[in-house]
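Every number here is computed from the coordinates shown, using simple stated rules; none is lab data. Owing to the predicted nature of the structure, the values given are computational and were not obtained by experimental measurement.
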Amino acid sequence: MRPSLFLLPTALIVALAIACQPTGDRQPQPQPETAAATPAVETPPAEAMPGAFRATGNEPGWLAVFGDEQFPGLHVEVDYGESTYDVATPTQGPDGWTGTAADGTPIKLSIQRVACQDDMSGHEFEARAMLTVGARQLHGCGNFSATR
């Protein structure tokens, strides 16, 4: 007897729903009742951002690196490395770094020092990251290192 064509998609949806359930060691966060009641998110003060920072994201794949030995300024790759931007002397603000690439594209890497989990691999990172390249906003996760 052949299984129904509707059985496979249903089983896939159930499996994804089970896989996306929070683990027992993480408590679900209550949702704010109104937009005005949004909880404050901890962002590190500029002097508390140690060393280099590296962030990545998915769909499309992107990478942002600030202040390491290979990329002393702010280096950004988007669309799986098809487009590259470098900001030689980015300005450090309260939540990250901003600047303008050589072609005039505004670049901003914002971070929030809250736990972040990669949406594809499940890998844990110490910070949530948002990369703005021109008008595009890309979301991902990142880690600090003490190499600067």
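With the alpha-carbon atoms as the only input, what is the per residue convex hull volume for the stretch 46-145 in Å³? Kindly include the intermediate steps, with their values, before the conclusion.
Values: hull volume 9.2 nm³, N = 100.
Normalising the Cα hull of the stretch 46-145 by residue number yields 92 Å³.
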Sequence order, the stretch 83-91: Karplus ³J(HN,Hα) from phi using 6.51 cos²θ - 1.76 cosθ + 1.60, θ = phi - 60°, Hz rounded, Gly and Pro as x, gives 10, 10, 9, 10, 10, 5, 10, x, 8
Karplus ³J(HN,Hα) for the stretch 127-134 (6.51 cos²θ - 1.76 cosθ + 1.60, θ = phi - 60°; Hz, whole; x = Gly/Pro) runs 8, 8, 10, 10, 9, 10, 10, x
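In percent, what relative contact order does the stretch 53-148 have, based on Cα pairs under 8 Å that are 6 or more apart in sequence? Please list the in-between numbers first.
Working: 218 pairs, mean separation 23.3, N = 96.
Computed over the stretch 53-148, the figure is 24 percent.
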